[in-house]
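Got a structure here, written out as C-alpha cells. Questions coming.
The values are calculated or read from the model by the stated rules, or taken from the named source; none is laboratory data. The structure presented is a predicted model; accordingly, all values stated were derived computationally and were not measured. Glycine gets a Cβ as well: all are built from the backbone with ideal geometry, and neighbour counts include every protein chain shown.
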Amino acid sequence: MLKILLAAATLSLASAPAMAAPCKDAKGRFMKCPPAKPVATKCRLNGKFAKCGTPGAKPA
C-alpha cells in the first residue's frame, strides 16, 4: 500500500512543472501567454459547406 501511495505522489509531482510553465520566452523567463485563437470547424462556400482550405471558403 505504501509503495502505491509513493508511486502516485511521485507521478503527481513529476507532472506539476510541465503544467506550471507553459509560456516562456527564448531566455527561459516566464511571460504572459498569447491568447488562443478560435479554430473554425466549418466553412461555407456559395451557401454550402466546404473544406476550410478551399479558396473563397469563409468560416461559418
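Check whether at least one residue in region 14-26 is assigned to a helix (DSSP H, G or I) and either more than 22 Å from the chain's Cα centre (by Cα) or at pLDDT 90 or above (or both), and report yes or no.
no
Based on this model, can you work out whether Leu45 counts as at pLDDT below 90, hydrophobic (A, V, I, L, M, F, W, C) and at negative phi? Quick ask: steps written out before the conclusion?
On the way: at pLDDT below 90: no; hydrophobic (A, V, I, L, M, F, W, C): yes; at negative phi: yes.
So Leu45 does not fit the description; no.
Considering only residues that are modelled with pLDDT of 90 or more and charged (D, E, K, R), which ones fall in region 27-42?
Correct list: Lys27, Arg29, Lys32.
Output the qualifying pairs, or none if there are none: Cβ atoms under 9 angstrom, residues six or more apart or on different chains, first residue in region 23-40 and acidic (Asp, Glu), second residue surrounded by 10 or more Cβ atoms within 10 Å (Cβ to Cβ) and outside any strand (DSSP E or B).
Every condition considered, the pairs that remain are Asp25/Met31.
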